[in-house]
1. When N counts the residues of region 30-74, how does its alpha-carbon radius of gyration compare numerically with 2.2 N^0.38 Å, as a ratio?
2. Can you run phi through the Karplus equation (6.51, -1.76, 1.60; θ = phi - 60°) for region 112-124 and list ³J(HN,Hα) in whole Hz, with x for Gly and Pro?
3. Kirkwood hydrodynamic radius, computed over distinct alpha-carbon pairs, for the chain: how many Å, to one decimal?
4. Using 0.36 nm per residue, how much length does the chain from A103 to S75 gain when fully extended, once their Cα-Cα distance is taken away?
5. Tell me the accessible surface of L32 in square angstrom (1.4 angstrom probe, heavy atoms of protein chains only), to the nearest ten.
6. Excluding ligands and nucleic acids, what accessible area in Å² is computed for K213 using a 1.4 Å probe, to the nearest 10?
7. From largest accessible area down, sort I54, I42, I69; use a 1.4 Å probe on the protein chains.
8. How much accessible surface area, in Å² rounded to 10, belongs to the heavy atoms of S145 with a 1.4 Å probe?
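The values are calculated or read from the model by the stated rules, or taken from the named source; none is laboratory data. In this text the structure is predicted, and so the values were computed from the model without any measurement. Methodologically, a virtual Cβ is constructed for each residue, glycine included, from the backbone with ideal geometry; neighbour enumeration extends over all protein chains shown. For the accessible areas, the whole protein counts, side chains as well, though only heavy atoms, and no ligand, DNA or RNA atoms are used. Shrake-Rupley method; radii C 1.70, N 1.55, O 1.52, S 1.80 Å.
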Amino acid sequence: ESYTVYRRVYNESTKKYSGWSTLKTGYKGTSLVDKNVKFGTIYSYTVRAVNGDIRSDFKAATGTRVNVIPTVTISNVSNGVKVSWSKVENATGYTIYSSTYNAKTKKWGGWVNRGTVKAETTSWTDKTVKSGVYYKYTVRACKGSFKSSYKASDKVWFLAQPTVTVKAVSSGVKVSWTQSSGVKGYTVYRSEYNSATKKWSGWKNMGTTGKDKKTWTDKSAKKGVIYKYTVRAVNGNYKSTFKASNSVKR
């Protein structure tokens, strides 16, 4: 007529299971998802068939440890690649791994353990990355010696943030920047100060230069107006972060 589902929990300190607790009674189906579980904990289940006052015998299923895979996202930041992940309840820490693409062999390297961080940490920045190189990352949740399964992040092409300097010249404002490896060009942006409102305008895209350029002169800058500039290294859809230059008066 129905089924009663039971659960027991394994205690890793005592190396013993708890007694059976009733998870569901009067259940008509033949499968059930137990959502009230904790990562890294071992559970065992059993089911008894029921008809009125009569119950079948039972046999315990092999214990299973709860596995939760963190969701990993990556992004370029000013000093490297920032790796972020979803928090896993009951985890005692997270182990981070990276893989580097070899442009010569056209293959990805094996996963390199980059260390384990504490449970309250949900992001980490890889400051060892090199501009113009592809990277992938993954994170495994830990509980004691147990580590979760993992899923690789999307790849990211790291581009170093250019350092920008500006100077007023006879023909306009000269913008100079440090070059980054692995780029296909540099996009220059300009912000203008409004002396009436005392506010800066949003960044205006002034165009993209070739990969070998490291200076550009803004000949459209007006005399007596204050400007700021910034430059982003670009390669297809990948762009570096950016930092505004000092202000300059034309």
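1. On the way: Rg = 15.8 Å, N = 45, 2.2 N^0.38 = 9.3 Å.
It is 1.69.
2. Per residue, the Karplus-derived 3J(HN,Hα) values read 10, 6, 9, x, 10, 10, 6, 4, 7, 8, 10, 7, 7 Hz.
3. Details: mean 1/r = 0.0435 Å⁻¹.
Every distinct Cα pair counted, the radius reaches 23.0 Å.
4. Contour length minus the Cα-Cα distance gives 8.0 nm.
5. 70 Å²
6. It works out to around 100 Å².
7. Numbers: I54 120, I42 30, I69 75 Å².
In descending accessible area the options line up as I54, I69, I42.
8. Surface accessible to solvent at S145 totals approximately 120 Å².
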